[in-house]
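**Q** The structure is given below, and queries will be raised subsequently.
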């Protein structure tokens, strides 16, 4: 359940591809859906989602490893 300005958005955790942190906001990116901006820090969601196998790969990115198909090494990696 994600808090929004209008109330709460109920999402399936398995549909979250990754979360992107920016200051006190976290943008959720979903499989087949529009991103959703939530007024909570990435750290807040990291603590909740780590029990669902999400991994913090960068100070501003938390990923669902189920969606990883490739890692390209090099400067910064992708």
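The values are calculated or read from the model by the stated rules, or taken from the named source; none is laboratory data. These figures come from a predicted structure and were not determined experimentally. Every residue, glycine among them, receives a Cβ derived from its backbone with ideal geometry; neighbour counts consider all protein chains shown.
**Q** State which residue pairs qualify: first residue in contact (Cβ under 8 Å) with a residue 12 or more places away in the chain and inside segment 34-55, second residue assigned to a helix (DSSP H, G or I) and surrounded by 16 or more Cβ atoms within 10 Å (Cβ to Cβ) in any location, beta carbons under 9 Å apart, and separation of 6 or more residues or different chains.
**A** So the pair list comes out as 38/45; 54/45; 54/46.
**Q** Next question, about the same structure. Would you say residue 24 is surrounded by fewer than 17 Cβ atoms within 10 Å (Cβ to Cβ) and closer than 17 Å to residue 1 by Cα?
**A** Values: surrounded by fewer than 17 Cβ atoms within 10 Å (Cβ to Cβ): yes; closer than 17 Å to residue 1 by Cα: no.
In short, no.
**Q** Within segment 27-45, which residues are in contact with a helix residue (DSSP H, G or I) (Cβ under 9 Å, 6 or more places away or on another chain) and either surrounded by 12 or more Cβ atoms within 10 Å (Cβ to Cβ) or modelled with pLDDT of 95 or more (or both)?
**A** Residues of segment 27-45 in contact with a helix residue (DSSP H, G or I) (Cβ under 9 Å, 6 or more places away or on another chain): 28, 30-33, 38.
Selection gives 28, 30, 31, 33, 38.
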